[in-house]
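Below you'll find the structure, written out as structure tokens, and then a few comments.
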Amino acid sequence: MHDRKYDAGADDLDAFAQERRRVLKLMAAAAAMAGGACSGPPPEKIVPYVDTPEQSLPGKPLFYATATRLSGYGTGVLVEANEGRPTKVEGNPLHPASLGATDVFSQAAVLQLWDPARSQTPLRDGRVATWDEFLLDTENGLRELDASRGDGLFVLTGAVCSPTLQSQLEALHSRYPGMRWHQYDPLHRDNELRGSELAFGRAVDTRYSFDRARVVLSLDADVVSAAPHSVRYAHDLASLRRPHADRMSRLYALESFPGLIGARADHRVALPPADIERFAFRLGRDLGVAPAVVGDSPAPSFEKALVDDLLAAGAAALVLPGPAMPPRVHALVHAINHRLGGQGQTFEHTPPVAFKPVANVESIRTLADAMRAGRVRMLVILEGNPVYDAPADLEFAARLRTVARSVHLSAYADETSAYCRWHLPRVHEFEQWSDVRAFDGTASIVQPIIAPLYGGHSAHELLNVLLRSGAAAHDTVRGVWQRTFGNTDQDERWRTALRDGVIANTRAAAVTLAPELAESIFSNPPPPVDLAINFVADQSVRDGEFANNAWLQELPRSMSKLTWDNAAYVSPSTAARLKIASGDEVELRRAGRTVRAGVWVLPNHADDCVTVPLGYGRTRAGPVGDGIGFDAYRLRTLDAPWHGSVELIRTGAQRLLVTTQHHSRMEGRDLVRTATLAQFARNPQFATDEEIEKVPEHTLYPDRPYDGYKWGMAIDLNACIGCNACTIACQAENNIPVVGKEQVLRGREMHWIRVDRYFHDHDSGVDFQPVPCMHCEHAPCEEVCPVGATVHDSQGLNVQVYNRCVGTRFCSNNCPYKVRRFNFLQYVDRTQESLKALRNPDVTVRERGVMEKCSYCIQRIQRGRIEAERLGRKLRDGEVVTACQAACPAQAISFGDLNDPGSAVRAAKASPRNYALLAELNTRPRTTYLARVINPRPDDTEE
Amino acid sequence: MAQVFDRGLVLALKIGTLVAIALTATLLVSWRWSIDYPNAQGAPPQQPLPFSHQHHVRDDGIDCRYCHSGVEKSAFAGMPGSNVCLTCHSQLFRDSPAFAPLHASARTGRRLQWTRVNDLPDFVYFDHSAHVSHGVPCKECHGRIDQMPLTARARSLEMQWCLSCHRNPGGHLVSPAAVFDMNAQLPASRAERRAQLAHYDVLSRKWLTDCSTCHR
């Protein structure tokens, strides 16, 4: 009789036998394949030059000074070229918009250069064509224009801050007097321009000196984020934020969408845009420049303190109007600032840096009207993507289709290219000769680092075609500067300009003005809106220009920590009122147009207001940027370039939004330690007071002596503005791959330095905390690695040895700071040739199955060390600069040798604010933090 | 069911199988061993033209740095461009067929493709300048290059070999003037070795065996 029990057992045994055979078979196959697959390394070639170029020394990078552009304005950079390949961007210390630091866009410029999705050939009606065919076709067009003296020739650009482009446009205009020149940049400065016209009767630029401003009020002006002046302003602002009893500035911020300056502010309040506008007038009245309030206005709790502070600071006070504030607010703020008396001290007016600035919205509308009227015979778009980003009610695409001869010069064959007769690939900044002015007027020569990868032409070359000039771009640029340099020392001055990256004495001179306000600006309060819409530039892709840049796409946005997406941001209470939650899909309706968006509920956001970042919902950005997020431009109309009213309807569907930080509060822990200036004065040791009891003095592990170098880092949380420049600089320096939205969802992003963001529990404060590897003296990761792949070296670095790592992930599991990153899949693209050229040759490219993490830029330490030893000396302080440290606009990061008594990092660590993250674990991290000190106005209730 | 095979046959089969496995394993291992490096130690690989270090170094007495100009300044010693070869060979041996690739390269601008003789894995960051500035003579790694009509790899270049010197560099260092000298005398006595270590400031050798010294 069958016993069920044994039967079952026999079945199991059978199964086991099957399994055993299978295992043996697999083992045999694996052994055979292991033998077969190991064919040894392929023989490598050494390919020397035929004619070795001067100054080239294979194995050593060269740095070239040039400039990157943002909205037309330049930022000076030094581009590192390894064997002629641009691989990394550093700031140019001599350039006023950089001072050695960079923003995220400059860092990402190298990926933009090597992006395989860049347009590689001219297109005629969407079909591959040649440059010669274009020349022929254009010549026919030009002949018609010759007859009409240029009637029907239209040129569209952004802001023109290139002296060469300016002179070419002037030349074109004198050859074709009937030519019309239009300007459009979706992130235009129309309000600023109109505001200065209202106040002074002429267009002027205003530049600020934050290093002299003791009290700053921002009216929705996030001056440290994603603008051409951001790096410089962040630097200056940070210089007065060091905790010093009588030298620390005080920041007030009113904002709709929580921005970086609001996160730094000592007092901030979130208000919808119209309320900020009303408050500006109320402040004007309080300060005696406005006759009356304009409409009802909310009163932030700090209003009286603010007025007192501004009046007390006088000439050292500064009020900033945001670019989205209407012109009359700009005019009013001019009057306020002049009343406070800061002209020449905290701010200066200069003639506009851009050549003939015009109101962009008006300009693109006129162009659309001309197209509708059939007056456009030839349209040359030198810059921009108007089909995608022009005001929605212009129907730009439909108008453009009617133009007989349209030419679009752009880096990608994008939305506008699809509607133009000709698309021409534009060369990258690092492939062309040009010049550009910074926000303060300082000019730089843009020099090529590499020959154009895909042919391609610059705006100067295209204009030379229209001018029928055979000159190369280099000669055109040189010719323009020849006139400035004069005849003496011509060559020398040109070479100096190239080497320095700035041209001396080109900063715009200040003009002294006095504002006069017309009565009319005080009438008509802004109409009340039930739900306001607030268009902002996306922190990563800006207006959409950087949509195909995977580094920027994966960079978590400072506040929401969202990646790979935009979202309709609302405040928690508005979300509750509208019964929506993060991830819900909603339909946004305004002026008969609708867009579907995912919702993200963001603390610190203004109530009754929806913020929609621009730059998403692209259809022809490239394989990276296509089809992600929603296109907010479709709601942006002529009458509402920044603000308007909107209807929000829940669709019931869900959108997958991916964030890198799932918990936003510290829950009473002291990860970021903060005190007010008064508390700090009373107790400088506030950051470590309680810790002394918590940190165990004794340890089972022996203390290791470090008699040579002993590297350490200190991060000043008071300076950090949360701009992410460190994260992306690290990505560029250390060959860190992007993983994509789906992998980020699984928590597998690879950033070696992340910026944690915490919302305060009880007030609207925000803290940022960059977290790289702590290089613990007692590193928990090292204790658990079974193969010794993570060990301490003699300089005290916790090093990760990729060739030893077998991928157990024990180390990551045991790391209390969660800074170790694992290559779960083959993230590095090994096939794309152009991306190979992008990589830093000094850093190993990691494969699937390998753990990685911040190395304190070991390659930079070793390079410096070898160089110093070659010269027979020790490294000096400041000779080794990590990538994150170099990029930081606020100079929050100091790094150096802890054994060097004069090192900056040692001075930083000697600060009473110095504390270790999770010190109670006794990991003894080499990376420490300087606690944050804020400077709110002392409360009457506080003793 | 009756046994298909008798005991003796089963034993023979078992032994046969084991022998076969052992043989396969040995074959695999020895084959793997033989293909470890593309160019075996001591065997010169095929090059575009039969360049002789023996002739240039021993017979002509040309300094290493004339062609390998980066060796004191860069990680990469540098390979001479065709124009460097042509400083002499635009005149000498102009019509020799062996030089055809060189002249073709100069004429067409197409670069010569030399096969790398001393190849390290890509995760190893060897730096020539660091070794030269610390008195490691060329011949310690490249062997008697002046006696090689065709260039071959002289050392195993395995990590063990690197470490043998990194652990105990004293016996491998020469005075700065003798680095490029093929006949340089290595320090023989303990005192001499110590003097060299002191001269190059490597008395503390801990960092020489750090992982991070060669791997980044």
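Taking the Cβ of each residue in A:Met666, A:Met713, A:Met750 as the centre, tally the other Cβ atoms inside 10 Å and list the residues starting with the fewest.
So the residues, fewest neighbours to most, are A:Met666, A:Met750, A:Met713.
Take every residue in peptide B:123-136, count the Cβ atoms of other chains within 10 Å of its Cβ, and give the average of those counts.
Shielding by partners across B:123-136 averages 4.
Rounded if a/c is under 1.5, else prolate if a/b beats b/c, else oblate: with a ≥ b ≥ c from the C-alpha gyration tensor eigenvalues square-rooted, which is the protein assembly as shown?
prolate
Kindly provide the Kirkwood hydrodynamic radius of the range A:345-439 in Å, to one decimal, from all pairs of distinct alpha carbon atoms. The partial results should precede the final answer.
Details: mean 1/r = 0.0660 Å⁻¹.
Mean inverse Cα-Cα distance, inverted, gives 15.2 Å.
For B:Asp60 paired with A:Asp500, estimate the spin-label separation in nm (one decimal), with each label point 7 Å from Cα along the Cα-to-Cβ line.
A separation of 4.6 nm, rounded to one decimal place.
Over all directions, the average projected area of the alpha-carbon convex hull for the range A:174-268 comes to how many nm²? Don't jump to the answer; show the numbers that get you there.
On the way: hull surface 34.9 nm².
If I average the Cα hull's projected area over directions, I get 8.7 nm².
Cβ under 12 Å from A:Arg194's Cβ, A:Arg194 left aside: what net charge do those residues give with Lys, Arg +1 and Asp, Glu -1?
With Lys, Arg at +1 and Asp, Glu at -1, the net is -1.
Output the peptides B:164-170, A:342-348, A:845-851 sorted from most to least packed, where packing is the average of other Cβ atoms within 10 Å over each peptide's residues.
Top of the packing list down: A:342-348, A:845-851, B:164-170.
Karplus couplings for the range A:108-125 from phi (6.51 cos²θ - 1.76 cosθ + 1.60, θ = phi - 60°), rounded to Hz, Gly and Pro as x?
Here the 3J(HN,Hα) series is 7, 4, 5, 5, 4, 5, 8, 4, x, 8, 4, 5, 10, 8, x, 10, 10, 6 Hz.
Mind putting together the pair-distance distribution for the range A:748-824? All Cα pairs, 10 Å bins, whole percent per bin, short to long.
17, 44, 24, 11, 4
Quick one, could you list the DSSP H helices from chain B stretching 18 Å or more along their long axis (Cα atoms) with average Kyte-Doolittle hydropathy of -1.0 or above?
Sorted by number, the helices that extend far enough and score high enough are B:7-34.
For the range B:17-131, divide the Cα radius of gyration by the Kirkwood radius and give the resulting Rg/Rh value with two decimals.
Dividing the radius of gyration by the Kirkwood radius yields 1.13.
Whole angstrom only: what separates the Cα centroid of the range B:49-125 from the Cα centroid of the range A:795-842?
37 Å
Debye sum, Cα scatterers, the range A:412-452, no solvent: what log₁₀ I/I(0) at q = 0.18, 0.19, 0.21, 0.34 1/Å?
Each listed q corresponds, in turn, to -0.68, -0.71, -0.75, -1.04.
Ignoring solvent entirely, what values of log10 I(q)/I(0) come out of the Debye formula for the range A:207-330 at 0.23 Å⁻¹ when each Cα is a single scatterer?
Here the Debye-derived log intensity ratios amount to -1.53.
How much FRET efficiency would the formula 1/(1 + (r/R0)^6) give for A:Asp489 and A:Leu700, where r is the Cβ-Cβ distance and R0 is 60 Å, rounded to 0.05?
0.30
Do any trypsin sites (Lys or Arg not before Pro) in the range A:625-665 lie in a DSSP loop with no more than 11 other beta carbon atoms within 10 Å, and if so, which?
Sparse-neighbourhood loop trypsin sites (Lys or Arg not before Pro): A:Arg665.
Please work out how much length the chain gains when fully extended from A:Arg593 to A:Ser834, using 0.36 nm per residue of separation minus the C-alpha to C-alpha distance, in nm with one decimal.
Length gained between A:Arg593 and A:Ser834: 82.7 nm.
Based on the Cβ-Cβ distance of A:Val23 and B:Val4, what FRET efficiency does E = 1/(1 + (r/R0)^6) give at R0 = 25 Å, to the nearest 0.05?
Details: r = 25 Å, r/R0 = 0.99.
For A:Val23 and B:Val4, the calculated efficiency is 0.50.
For peptide B:195-203, how many partner chain Cβ atoms fall within 10 Å of a residue's Cβ, on average?
Working: counts 0, 0, 0, 0, 0, 2, 3, 1, 0.
Per residue, the number of nearby Cβ atoms from other chains is 1 on average.
Can you give me the distance in nm between label points at B:Ser164 and A:Asp125, each placed 7 Å from the Cα along the Cα-to-Cβ direction?
Going from the B:Ser164 label point to the A:Asp125 one covers 7.4 nm.
With a cut-off of 17 Å, note down the residues of the range A:599-616 whose backbone N falls inside the zone around a label point 7 Å from the Cα of A:Ala581 toward its beta carbon.
Within reach of a label on A:Ala581, which here means backbone N under 17 Å from a point 7 Å along Cα→Cβ, the range A:599-616 contributes A:599-603.
Checking the table A:Lys853/A:Lys909; A:Lys853/B:Lys206; A:Lys45/A:Lys88; A:Lys25/A:Lys853; A:Lys88/B:Lys73; A:Lys60/A:Lys874 against a 31 Å threshold on Cα-Cα, which pairs fail?
Flagged as over cut-off: A:Lys25/A:Lys853.
With the alpha-carbon atoms as the only input, what is the per residue convex hull volume for chain B in Å³? If you can, show how the numbers build up before the last one.
Numbers: hull volume 52.4 nm³, N = 216.
Residue-normalised Cα hull volume stands at 243 Å³.
What does the charge add up to near A:Asn814, with Lys and Arg as +1, Asp and Glu as -1, over the other residues with Cβ less than 11 Å from its Cβ? Display every interim value, and only then the final one.
On the way: positive: A:Arg809, A:Lys818, A:Arg820; negative: A:Glu782, A:Glu783.
Counting the neighbours of A:Asn814, the net charge comes to +1.
Calculated FRET efficiency, A:Arg401 and A:Gln654, Cβ-Cβ r, R0 41 Å, to nearest 0.05?
Working from the Cβ atoms, E equals 0.65.
Between the range A:461-519 and the range B:157-216, how far is it from one alpha carbon centroid to the other, in angstrom?
Spelled out, the Cα-based centre of one part sits 55 Å from the other.
Which residues in the range A:804-833 place their backbone N less than 19 Å from a point set 7 Å from the Cα of B:Arg116 along the Cα-to-Cβ direction?
A:804, A:830-833
Could you tell me whether the range A:536-663 comes out rounded, prolate or oblate from its Cα gyration tensor? Rule is a ≥ b ≥ c as square roots of the eigenvalues, rounded for a/c under 1.5, then prolate if a/b exceeds b/c, otherwise oblate. All intermediate terms of the calculation are to be shown ahead of the outcome.
Working: a/c = 1.62, a/b = 1.17, b/c = 1.38.
Oblate is the answer for the range A:536-663, as a/c is 1.5 or above yet b/c matches or exceeds a/b.
Is the shape of the range A:387-427 rounded, prolate or oblate, going by the alpha carbon gyration tensor and its root eigenvalues a ≥ b ≥ c, with a/c under 1.5 for rounded and a/b larger than b/c for prolate?
oblate
Can you compute 3J(HN,Hα) from phi for each residue in the range A:332-337, using the Karplus curve 6.51 cos²θ - 1.76 cosθ + 1.60 with θ = phi - 60°, rounded to whole Hz and x for Gly and Pro?
Coupling constants for the range A:332-337: 4, 5, 4, 4, 4, 4 Hz.
Straight-line reach from A:Lys561: which lysines have a Cα under 18 Å away, not including same-chain ones fewer than 8 places off?
Within the straight-line cut-off, A:Lys561 pairs with A:Lys741, A:Lys818.
Averaged over its residues, how many other protein chain Cβ atoms are within 10 Å of peptide A:867-874's Cβ atoms?
3
Kindly write out, for the range A:137-150 in residue order, the coupling ³J(HN,Hα) from the Karplus curve 6.51 cos²θ - 1.76 cosθ + 1.60 (θ = phi - 60°), rounded to whole Hz, with x marking Gly and Pro.
After applying 6.51 cos²θ - 1.76 cosθ + 1.60, I find 4, 5, 4, 4, x, 5, 4, 4, 5, 4, 5, 9, 6, x Hz.
Tell me which residues come under 5 Å, amide H to amide H, from A:Ile893 once H is placed; ignore anything under 5 positions away on its chain.
A:Asp716
A short reminder: the numbers here are calculations on the coordinates, not readings from a lab. Bear in mind the structure is a predicted one, so any value in this text is a computation, not a measurement. Please note: Cβ atoms are built from the backbone with ideal geometry, for glycine as well, and neighbour counts cover all protein chains shown.
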